[in-house]
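Trainee: My questions will all concern the structure given below.
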Amino acid sequence: MVYQILVGIVTWLHVVSVIGWTGAALTFLISIRSSLPKLSPPARGEFLVKVMPRYARSIQIFTILTLVFGPSLALTMNDGPPNKFDLASPWSIFVTLGASVGIVMLFIVFFLFTPTANGLVEAVKQMQQNPGQPPPAKLNALQKRLAIIPPLGVTLLLLAEAFMVTAAQF
């Protein structure tokens, strides 16, 4: 009975973390990214300066929570066949594939998305402080990176979720 309650709590925490992470990624991809070009440059800059740091922090938090509760869930469920990490059972293969994609996403969030978002915010702040100056040279590169990262992130997150849902079938 206690074991089932523990598995239920850890499952709930993991699923809520995944929903937060995926929801934030989809929100950026569908709503924010497509709306920014429609704003005036000053409004776009103000939005990025005020929203992007908090948004990047929330993505980081959900990433960490997902990758803490995911292995915790796997360990609480690792009670023998079919839930045994032997890479012979379909459950362990799909869980390992999903976790691997999740780890790749961790690196993308912390070493690609966050530096890009922070660099973009700094470039916009620099432009706001020196309105007569041309945009910083790195601005175009940052914008191009930010156009690629969200679709890649959403694709990988959905792939990880597909592996995990498949694992749950065994």
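The values are calculated or read from the model by the stated rules, or taken from the named source; none is laboratory data. If you're wondering where the values come from, they're calculated on a predicted model, not measured in any experiment. Here the Cβ positions follow ideal geometry from the backbone for every residue, glycine too, while neighbour counts run over all protein chains shown. Areas reflect the complete protein model, heavy atoms only, side chains present, ligands, DNA and RNA absent. Shrake-Rupley method; radii C 1.70, N 1.55, O 1.52, S 1.80 Å.
Trainee: Taking the conditions exactly as written (part of a helix (DSSP H, G or I) and open to solvent by less than 50 Å² (accessible area, probe 1.4 Å)), does LEU142 satisfy them or not?
Mentor: When the stated conditions are applied, LEU142 passes them.
Trainee: Which condition number does LYS84 fail, the rest of (1) at pLDDT below 90; (2) within 17 Å of the chain's Cα centre (by Cα); (3) not hydroxyl-bearing (Ser, Thr, Tyr) being met?
Mentor: With respect to (1) at pLDDT below 90; (2) within 17 Å of the chain's Cα centre (by Cα); (3) not hydroxyl-bearing (Ser, Thr, Tyr), LYS84 is out only on (2).
Trainee: With respect to GLY132, determine if the residue is under 24 Å from the mean Cα position of the chain (by Cα) and not charged (D, E, K, R).
Mentor: Answer is no for this residue.
Trainee: Only residues in the stretch 158-170 that are open to solvent by 80 Å² or more (accessible area, probe 1.4 Å) count as the first member; pair them with residues that are hydroxyl-bearing (Ser, Thr, Tyr), Cβ under 8 angstrom, at least 6 apart or cross-chain, and list the lot.
Mentor: Listed pairs, sorted by first residue: LEU158/THR22; PHE170/SER89.
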